[in-house]
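Undergrad: Got a structure here, written out as structure tokens. Questions coming.
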Amino acid sequence: MTVLEVAEPVSPLVGAPPSSPAHRLRRAVRPLAGYLLVLPALGVLIVFYYVPALLLFVISFFHYHLGGAGSSFAGFDNFRVLFAQPLFWQSLVVTGYYVLVMVPATLVASLALAMLLRDGIRRSRRRKGGAAQALIFLPHVTPLVATSLVWVYIFDPQYGVANDVLRAFTSHPPNWLFSTHYAMPAIEIYSLWHSLGFYMVLFLAGLSNIPDRLVEAARVEGVRGFAAFRRVIFPLLTPTVYLVTVLATVNTMQAFSQIYTLSGGAHGHGGGPAYSTTTDALLIYQTAFTYNHFSLASAMSLILFAILLLLTLVQRWGFSKLVFYR
Amino acid sequence: MSPTVTATAVDAPPARRPGRRRLRRSGLAALRWGAAALFAFPLYWMWVTATGPKGSAYRFPPRILPGLDYQAFVTVIQGTNWARYMLNSTFITGTTILLVLLTASLAGWALVALPLKFRGVVFIVLLGTMLLPEQALLIPQYVVNYHLHLLNTYAVMILPFAATSSSIFLFRQYFASMPTEWRDVARIEGLGNLRYLWRVALPAAKPVVFTVVLLTFIASWNQFQWPLVMTQNPAIAPIELALNQYQQSYESQRLINAVSLLALLPIVLVFAVAQRHIVSAVAGVDSGVEE
């Protein structure tokens with residue numbers, strides 16, 4: 001601190017005189033001051049996140065009873081039990097179905113929305129397009145249970161608007177949440193409604209980073225319309241495509257509240273009908289808190305953890321070949 | 001610029017006929033508003049359902065305009081513990097926001113301005129929780145809370161969220177961008193580190209404070225799975241959990257939608273006021289941190 005040296009004759013009011021007890025205390029504390037300030041945050045994160053992360057491994061390899069009494073080492077027993085359970089495999093299939101629909105649908109729809117809104121925003125200087133953007137984004141910040149409930153009503157086979165509309169086209173509209181075939185699509189529609197605005201905003205941010213002169217240059221060369229999108233805009237957008245893919249994968253793999261509520265969690269434990277919407281998150285929840293199998297639930301969590309890690313690595317590797325602009 | 005061209009068509013290239021272009025543009029505008037209406041519809045439908053006359057939710061054709069019947073709200077507020085749940089959520093959210101501001105600003109400040117041995121390690125530990133998938137941690141977190149005797153308390157809905165990696169990151173970034181000369185001047189003026197943080201750095205970091213408040217508000221007000229798992233006592237239930245229990249009672253759609261609207265209202269009001277800031281805050285954190 002050069003400034004400090006210049007201003008050597010500091011006012012005597014600053015600090016305690018040298019070698020007084022207060023001064024010595026301050027001296028002793030100074031190297032620790034940083035840690036004192038970091039401590040509250042560090043404490044919370046260690047106790048509620050890092051300790052559980054370690055505990056996850058311990059519980060998964062023990063026959064664990066809540067409180068610890070009567071627990072014993074289990075080796076891979078929990079995993080063996082899991083792998084022998086058809087429901088476990090089915091939950092992976094259901095989760096896969098959910099994720100494999102949600103991620104591509106999210107990518108296409110949110111990018112389309114962003115392209116649609118981009119012109120409006122640029123042209124009207126964020127007035128008209130801004131309002132449309134706000135309306136599309138708003139669902140993302142709404143509480144999942146509160147807004148799931150109105151969708152339960154919308155999807156009601158008898159009184160819901162969805163089927164009021166569909167009856168104009170078919171005499172046999174689906175039973176939505178009461179049907180093993182249509183419950184998951186209904187949940188997917190809700191989830192898209194809730195999240196598309198968020199991903200759209202990410203794409204809008206990505207689009208605003210593309211210099212106008214590039215699109216302009218392409219236009220001069222005669223490249224316009226969809227060709228301009230495919231050859232100029234999309235290649236420049238691949239970093240955002242990567243970001244949205246990763247975030248959408250992580251978020252859909254872990255979806256819980258809307259699936260729980262839409263599949264009737266309040267009346268049973270969610271995941272119905274006939275386990276057709278029991279994703280890994282729901283099965284973990286039920287295994288631990290309905291059936292009190294903490295070890296099995298923990299082993300499943302560990303597998304979920306591993307799958308997420310693997311997917312992230314694969315996506316990173318895949319996109320490292322694809323993203324040529326950062 | 002010719003005076004006959006309307007303001008909206010100013011940047012149209014001269015090569016194209018203005019009529020076709022205008023048609024295309026109004027078509028796009030219609031699409032845009034159609035999309036916006038589609039997304040707004042469910043929220044509108046809550047309002048229509050909640051304010052219609054009793055029993056109208058089960059009639060065909062459905063009412064498509066909101067009514068003026070606010071009896072459902074009165075019924076719900078008088079007939080249930082709704083005020084209590086609102087209060088619970090307000091208390092939990094308010095306390096969490098204050099604590100997050102405190103822990104995150106202190107930690108962010110220490111990371112930038114104070115001597116910290118192993119700064120790199122501390123930094124990684126403070127930000128690393130963003131990589132931990134929350135669903136995978138739920139079971140061991142329940143076990144930890146059990147051993148800390150936190151289950152079924154307000155504290156279990158507050159303490160674990162009293163520090164978040166993203167808010168620490170936001171504060172650190174902002175403090176790091178502030179000119180170090182300020183600090184030197186403040187030191188000469190005899191302002192200690194903490195007082196400098198409180199009097200100078202935090203007021204200057206208002207945008208970050210605002211962002212952290214909004215993000216914490218949304219996350220805390222909307223929490224559902226956590227209280228569902230960690231609490232059983234209805235007296236301390238936050239609003240989302242209470243909604244879930246209310247649904248259990250097979251109430252009419254009119255009442256359920258009235259209650260949902262009440263749960264939604266604070267979020268929508270805050271969004272109406274700070275819409276642009278919320279959009280950039282929510283999108284900014286997730287995309288900025290991912291890098």
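The values are calculated or read from the model by the stated rules, or taken from the named source; none is laboratory data. Computed from a predicted model, the values in this text were never measured in an experiment. Positions of Cβ are backbone-derived with ideal geometry, glycine not excepted, and every protein chain shown enters the neighbour counts. Accessible surface is based on the protein model in full, side chains and every heavy atom, while ligands, DNA and RNA are left aside. Shrake-Rupley method; radii C 1.70, N 1.55, O 1.52, S 1.80 Å.
Undergrad: Mind listing which trypsin sites (Lys or Arg not before Pro) in the stretch B:54-133 are in a DSSP loop and have 16 or fewer other Cβ atoms within 10 Å? Walk me through the numbers before you get to the answer.
TA: Values: sites: B:LYS54, B:ARG59, B:ARG63, B:ARG84, B:LYS117, B:ARG119; in loops: B:LYS54, B:ARG59, B:ARG63, B:LYS117.
Those that pass, being in a loop and sparsely packed, are B:LYS54, B:ARG59, B:ARG63, B:LYS117.
Undergrad: Would you kindly derive the ³J(HN,Hα) couplings of the stretch A:157-166 from the backbone phi angles with the Karplus curve 6.51 cos²θ - 1.76 cosθ + 1.60 (θ = phi - 60°), listing them in order in whole Hz, with x for Gly and Pro?
TA: Couplings: x, 9, 9, x, 5, 3, 7, 4, 6, 5 Hz.
Undergrad: Let me ask you something else. Quick one: the Cα spread of the protein assembly as shown along its three principal axes, in angstroms, biggest first?
TA: 91, 81, 55
Undergrad: Just the accessible area per residue of the stretch A:140-244, please: how many Å² with a 1.4 Å probe?
TA: On the way: 4510 Å² over 105 residues.
Each residue of the stretch A:140-244 exposes 43 Å² on average to a 1.4 Å probe.
Undergrad: Tell me, what is the percent relative contact order of chain B, built from C-alpha pairs under 8 Å that lie six or more residues apart?
TA: Worked out over chain B, it gives 28 percent.
Undergrad: Over chain A, what is the relative contact order in percent, taking alpha-carbon pairs closer than 8 angstrom and at least six residues apart?
TA: Rounded, it is 22 percent for chain A.
Undergrad: Work through the residues other than B:GLU181 whose Cβ is under 13 Å from its Cβ and net out their charges, Lys, Arg +1 and Asp, Glu -1.
TA: Value of the local net charge: 0.
Undergrad: Moving on to the next point. What is the local net charge at B:PRO53, summed over the other residues whose Cβ is closer than 9 Å to its Cβ (Lys, Arg +1; Asp, Glu -1)? Write down the numbers at each step before the final one.
TA: Numbers: positive: B:LYS54, B:ARG63, B:ARG254; negative: B:ASP69.
That works out to +2.
Undergrad: Continuing with the same structure: Given H placed 1.01 Å from N in the peptide plane, which residues other than close sequence neighbours of A:PHE62 have an amide H under 5 Å from its amide H?
TA: Long-range HN contacts for A:PHE62: A:ALA74.
Undergrad: Using Cα springs under 10 Å in a Gaussian network model of chain A, which residue among A:GLY43, A:GLY272, A:GLY75 shows the largest mean-square fluctuation?
TA: A:GLY43
Undergrad: Name the most mobile residue of B:ALA205, B:ALA176, B:ALA35, meaning the one with the largest mean-square fluctuation, in a Gaussian network model of chain B with Cα contacts below 10 Å.
TA: Ranking B:ALA205, B:ALA176, B:ALA35 by mean-square fluctuation puts B:ALA35 first.
Undergrad: Hey, in the GNM for chain A with a 10 angstrom Cα cutoff, which one of A:GLN258, A:GLN158, A:GLN286 fluctuates hardest?
TA: A:GLN158
Undergrad: Continuing with this model, one more query. When the scattering of chain B is computed by the Debye formula from its Cα atoms alone, each counted once and equally, what is log10 I(q)/I(0) at q = 0.08, 0.14 Å⁻¹?
TA: -0.54, -1.11
Undergrad: Here is a further query. Per residue, how big is the convex hull around the C-alpha atoms of chain A? Give it to me in cubic angstrom, could you?
TA: 275
Undergrad: From the phi of every residue in the stretch A:21-30, what ³J(HN,Hα) in whole Hz does the Karplus formula 6.51 cos²θ - 1.76 cosθ + 1.60 yield, where θ is phi - 60° and glycine or proline is x?
TA: For the stretch A:21-30, the Karplus-derived couplings read x, 4, 5, 5, 4, 4, 4, 5, 7, 3 Hz, x marking Gly and Pro.
Undergrad: Under a point spin-label approximation (7 Å from Cα along Cα-to-Cβ), what is the A:ASN209-A:LEU36 distance to one decimal in nm?
TA: In this crude spin-label approximation the distance works out to 4.1 nm.
Undergrad: Can you give the accessible area buried between chains A and B, summed over both chains, with a 1.4 Å probe, in Å² to the nearest 100?
TA: 8800
Undergrad: So, one more: Whole-Å semi-axes of the stretch A:21-77's equivalent ellipsoid, largest first, each the root of 5 times a Cα gyration tensor eigenvalue?
TA: Those come to 41, 11, 9 Å.
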